[in-house]
1. To the nearest 10 Å², what's Asp171's accessible area with a 1.4 Å probe?
2. Tell me, which cysteines of the chain are without a disulfide-compatible partner by the Cβ under 4.7 Å rule?
3. Once log10 I(q)/I(0) by the Debye sum over Cα atoms at q = 0.09, 0.13 Å⁻¹ is worked out from the coordinates, which option in (1) -0.57, -1.11; (2) -0.68, -1.19; (3) -0.66, -1.06 does it equal?
4. Between Ile12, Gln132, Val226, whose Cα lies farthest towards the positive end of the dipole of the chain when Lys and Arg beta carbons carry +1 and Asp and Glu beta carbons carry -1, centred on the Cα centre?
5. How much length, in nm to one decimal, is gained on full extension between Ala89 and Ala262, taken as 0.36 nm per residue of separation minus their Cα-Cα distance?
6. Taking the Cα centre of the chain as the origin, how large is its charge dipole in debye, to the nearest 20, when only Lys and Arg (+1) and Asp and Glu (-1) carry charge on their Cβ atoms?
7. I'd like the accessible area for Met87: 1.4 Å probe, protein heavy atoms, all chains in place, Å² to the nearest 10.
8. Give me the percent of accessible area attributable to carbon and sulfur for the range 351-401, probe 1.4 angstrom.
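The values are calculated or read from the model by the stated rules, or taken from the named source; none is laboratory data. No experiment lies behind these values; they were computed from the predicted model shown. Here Cβ is always computed from backbone atoms with ideal geometry, including for glycine, and neighbour counts include all displayed protein chains. For accessibility, only protein heavy atoms count, side chains too; no ligands or nucleic acids. Shrake-Rupley method; radii C 1.70, N 1.55, O 1.52, S 1.80 Å.
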Amino acid sequence: MLVLVVLVVSTISPLQKTILSLPNVILSPFVAVSPSEMSGAGLGVTATHDIEEGQHIISIPENLSICASSSIQVRVGTDGDFSSQVMSALDKKERLVVLLLDVKRDQHHPAHPMVVEYPEQFQTLPYLSTQQIELLQLETLKAIAEFEVQEFKESCARIMAALTASKRYNDVSLAEVRWALSIVQSRAFGDSDKICLHPVVDLVNMPRVFFPPASTGVKFEADGSVVLIAQRKIIQGEELTNSYGAHDNMNLLTKFGFAINANPFDNVCIHFTYFTDHCPKADPAKVFHKALNDEMAVCTEGGKFGKMKEVISQCCEASGCQQQQHECDVCTARLMRDVIFQFSQGAEATTPAEDHTALENASDAITKSLLLTRVTTKVVLTGLSLELEDFAAQVNKQMNQ
């Protein structure tokens, strides 16, 4: 009997060879670094064999991570330094941008071989044309995009000013700063204390669907090392994924350049000044800051008014209607309707059928993401309108009793 033996030889990419050459970096032999099959995702990590839950996939030592904390950190080099005065003008994200630029120029830094492999092209909001932004259609979404682009420009300007004021760089370009800020926004891990880049670990992409859930999680060890661990069984041929957190589609577009269909975190948000404008009798310090937990905005929750309805109700009560509950309810319904109206500006330009046709015919990843954000936001607004109708019906019923 003739037995046919087939040998499968997997080609190791140049980047994977670089990773394997890094001191104290562990990369599972059961994965491969290769072009991602997710639209517009660039590179990714794919399982070449089944990986069991709990298995360690990637481990990097502390010295490979690039971190900036809330406190001012000063790095001194032979060609100059960053003074505390210069760095104090930057927040921790902007300080990380400076450190990233530093590592890119320092061939002796352990992370340098990975940093020079970071992508040069981005599809986030600051890189899109006016015509592309117009695809968002809703005036509020376009306003958010305009705000985010302006924030990006101002952040770049602060970083440029700090680098120019220091003696360390005399030749840094705006293009370099934009690149570094885009890398930090799209790849950094952060908390209230510090923000870090973890090369190699950051190759794992966010899933473009919410089921099945992300296949991996990140664990931060006591010795400063960072480990990527399988959170469930990963099947051979499956691309590894890691959750980037609870982001609505506008946030995903801003930071990462993509959107997700049926995103459960999609919402609409109202800045607290909206409530102070509509409730002039209310004391913001006592009502709004407390209701919003000192945040600058309140958002809907899972397509429902949720906390926003509570704040609207408090707004009405602070205006003096607490003695007549039905008057407060009428006031609440009116403000709920006003919120929906404000967010719906521009939505009538196309029908749902036209939106879905445009989405199906989208020729590239970023166009699809922009259209998807517009569609999912309209779905949220439809859900809010239905909630308003139910609430208004209850108010009318109570008033007629």
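1. Solvent-accessible area, nearest 10 Å²: 100 Å².
2. Here Cys156 come out as lacking a disulfide-compatible partner, given the Cβ-Cβ threshold of under 4.7 Å.
3. Among (1) -0.57, -1.11; (2) -0.68, -1.19; (3) -0.66, -1.06, the one derived from this structure is (2).
4. About the Cα centre, the residue reaching furthest to the positive side is Val226.
5. Numbers: separation 173, 0.36 × 173 = 62.28 nm, distance 3.97 nm.
Stretched fully, the Ala89-Ala262 segment lengthens by 58.3 nm.
6. Details: 32 positive and 48 negative charges, 93 e Å.
About 440 debye.
7. Its accessible surface works out to 0 Å², give or take rounding.
8. Numbers: 1520 of 2860 Å².
It is 53 percent, rounded to a whole number.
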